[in-house]
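Structure first, then comments.
The values are calculated or read from the model by the stated rules, or taken from the named source; none is laboratory data. Being a predicted model, the structure only gives us computed values, none of them experimental. We place every Cβ from the backbone using ideal geometry, glycine too, and count neighbours over all the protein chains shown.
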Amino acid sequence: MIICGVELTANDAVICLLNLDAQQFNLPECRVRKISLPKNHSRENLQYFQSSFAQLMTDYRVEKVVIRERAAKGKFAGGAISFKLESAIQLIAKLEVDILTTTTIKNTLEATPLPVPFSDTGLKVFQEAAFNVAYAAHVLR
């Protein structure tokens, strides 16, 4: 099963595809590491973001998308744009989307540590949170 982990930051949806097949994890190649919303947040741009994300999920046969939850208030609160991006992703028809809290991800990683160090995955540093989301989602299935 291929799960796409997503971390929303500012105007970007940082993604990581993670596949679990026969009890073995692998990282499928993906043509993009993040999908961005252009600076002017018009309706057309948001629809373009949504269709681009949906097409990427279809192209890679992603079965589930899991988004890392952002706080609505406080020091680490998510911005308004990231909540728009989350809504656009959640409203994609025929795509299963879940949200995992930071606490759930942290507890899952403590209970079931990564089998290899993140630095050995070949992913970019900015993809680590998205990778952790995808990994936790697989473990919690």
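Scanning region 112-130 for residues that are in a helix (DSSP H, G or I) and free of Cβ contacts under 8 Å to residues at least 24 places away in the same chain yields F118, S119, D120, V125, E128.
For region 89-103, a residue qualifies if it is buried (at least 16 other Cβ atoms within 10 Å of the Cβ), of a type outside the set (V, I, T) and at pLDDT 95 or above, and exactly one does: L100. Only a single item in (1) among the hydroxyl-bearing types (S, T, Y); (2) surrounded by fewer than 18 Cβ atoms within 10 Å (Cβ to Cβ); (3) closer than 13 Å to K84 by Cα is not met by S51, and it is number (3). Against the test of being within 17 Å of the chain's Cα centre (by Cα), among the β-branched types (V, I, T) and under 16 Å from N11 (Cα atoms), the options I81, I92 yield a single qualifying residue, I81. Would a scan of region 66-75 turn up a residue that is farther than 26 Å from R141 by Cβ, at pLDDT below 95 and either surrounded by 12 or more Cβ atoms within 10 Å (Cβ to Cβ) or of a type outside the set (G, A, S) (or both)? Checking region 66-75: at least one residue is farther than 26 Å from R141 by Cβ, at pLDDT below 95 and either surrounded by 12 or more Cβ atoms within 10 Å (Cβ to Cβ) or of a type outside the set (G, A, S) (or both).
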